[in-house]
Amino acid sequence: MPPPLRRELRERLVLRVVVRGETVVSAARELCIVRSTAYDVVHHFLRTGSIEPTSRSHGPTTSFTAEDLDVLWAVVNDNNYLHVHEIAAEMRMRVGYNASETTIWRMVHHLGLTHKRVRCGTQAGAAALPH
């Protein structure tokens, strides 16, 4: 991902479009800014009143607590034939935890389970073996 547009260019773009009334396309062309970036900067300014760049975060990060891992372990232990989307649905139903399938997969992997098989040698894996 490229770095944010320099502050000076953001200021000049907003000045031209908002104050002077130029079109975004013509201002972007004059300042050598990609049109989509220019639209993003102007829309951000109109929404927030700020020319500072938006956060580069890609959404909320999900972190499992020890209790969440216990519930996840119980879900997988109850039925070890569930697919990831089914585990995610079960987690939502049991504790209201709305994590992505990728997050669920990572936490299942963290528990020592991969491809519906127990990874031998892990403490969590030893508990999941059939008796």
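The values are calculated or read from the model by the stated rules, or taken from the named source; none is laboratory data. On a predicted model such as this, the values are computed, not experimentally measured, just so you know. So basically every Cβ, Gly included, is an ideal-geometry build from the backbone, and we count neighbours across all protein chains shown.
Listed values, structure above:
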quantity	calculated
Any hit, region 34-55, residues being part of a helix (DSSP H, G or I), touching a Lys or Arg at 6+ places or on another chain (Cβ under 7 Å) and at pLDDT 90 or above	yes
Boolean, A27 is touching a Lys or Arg at 6+ places or on another chain (Cβ under 6 Å) and either in a helix (DSSP H, G or I) or farther than 14 Å from P4 by Cα (or both)	yes
Condition check for V18: touching a helix residue (DSSP H, G or I) at 6+ places or on another chain (Cβ under 6 Å), assigned to a helix (DSSP H, G or I) and at negative phi	no
Residue in region 89-105 that is of a type outside the set (A, V, I, L, M, F, W, C), at pLDDT 85 or above, assigned to a loop (DSSP other than H, G, I, E, B) and more than 19 Å from the chain's Cα centre (by Cα) present	no
From the options A38, A27, residue that is over 32 Å from the mean Cα position of the chain (by Cα), surrounded by 12 or more Cβ atoms within 10 Å (Cβ to Cβ) and of a type outside the set (D, E)	A27
Residue match in region 3-13 (condition: part of a helix (DSSP H, G or I), touching a residue at least 24 places away in the same chain (Cβ under 8 Å), touching a helix residue (DSSP H, G or I) at 6+ places or on another chain (Cβ under 8 Å) and among the basic types (K, R))	yes
